[in-house]
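Okay, so here's the structure we're looking at.
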Amino acid sequence: GDFMKFLSVVLAGLSLMFVSCSNNESALLGNWKTMGYEKDGVGQPICESELIFEKGEGDIFIARGNSGVNSFNGEIQIKGKSYKASENFASTKMMGDETSMEFENAFLECLITADYYEVKNDVLIIGSKANNTFLKFGRNS
């Protein structure tokens, strides 16, 4: 009944507190290499690609890199655990082979529609709960 409901709210609150403490926004900064892409729980083929985060104004991060065929850049607003790409994402428009283009479209869509991120042990996950997709990156040394 009500007590269980209360308990679950308290537990949810605690886990949120725990998550926000351990997620340091500056951990995003630097150069990341794509290690995986998953859609609906299934690993998808990936192409060599990278993501670089630099600090912008306030809670804005500048994301740029290579999405397989083309270079891209855009702004992302990071507040604690939340992730929101701005509408100003831009990408060069070269054509590549079909596999690379498919990956690139998925990569950019995931970066732009993502609603959460997490960094732990030099692994970065950027994903969309709504689309059930995520990209996984490892630090580029």
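The values are calculated or read from the model by the stated rules, or taken from the named source; none is laboratory data. Because the structure is a prediction, the values reported are computed rather than measured. Cβ sites come from the backbone with ideal geometry, for glycine too, and all protein chains shown count toward neighbours. We work out accessible area using only protein heavy atoms, side chains counted, and drop any ligands, DNA or RNA first. Shrake-Rupley method; radii C 1.70, N 1.55, O 1.52, S 1.80 Å.
Would you tally the residues in segment 124-141 being of a type outside the set (D, E, K, R), over 9 Å from Trp32 (Cβ atoms) and surrounded by fewer than 16 Cβ atoms within 10 Å (Cβ to Cβ)?
Residues flagged as of a type outside the set (D, E, K, R), over 9 Å from Trp32 (Cβ atoms) and surrounded by fewer than 16 Cβ atoms within 10 Å (Cβ to Cβ) within segment 124-141 amount to 4.
Taking only segment 34-51 into account, find how many residues are surrounded by fewer than 15 Cβ atoms within 10 Å (Cβ to Cβ) and in a loop (DSSP other than H, G, I, E, B).
Residues meeting the conditions: 4.
Got a sec? Which of Glu102, Glu54, Glu75, Glu109 is acidic (Asp, Glu), farther than 20 Å from Lys33 by Cβ and either assigned to a strand (DSSP E or B) or open to solvent by 60 Å² or more (accessible area, probe 1.4 Å) (or both)?
Glu75
State which residue pairs qualify: first residue under 15 Å from Tyr83 (Cα atoms) and inside segment 47-60, second residue of a type in the set (S, T, N, Q) and surrounded by 14 or more Cβ atoms within 10 Å (Cβ to Cβ) in any location, beta carbons under 7 Å apart, and separation of 6 or more residues or different chains.
Matching pairs, first to second residue: Asp59/Gln77; Ile60/Gln77.
Looking only at segment 57-72, count how many residues are farther than 21 Å from Asp122 by Cα, touching a helix residue (DSSP H, G or I) at 6+ places or on another chain (Cβ under 7 Å) and either in a loop (DSSP other than H, G, I, E, B) or acidic (Asp, Glu) (or both).
3
Kindly indicate whether Leu29 is among the aliphatic types (A, V, I, L, M) and open to solvent by 50 Å² or more (accessible area, probe 1.4 Å).
Answer is yes for this residue.
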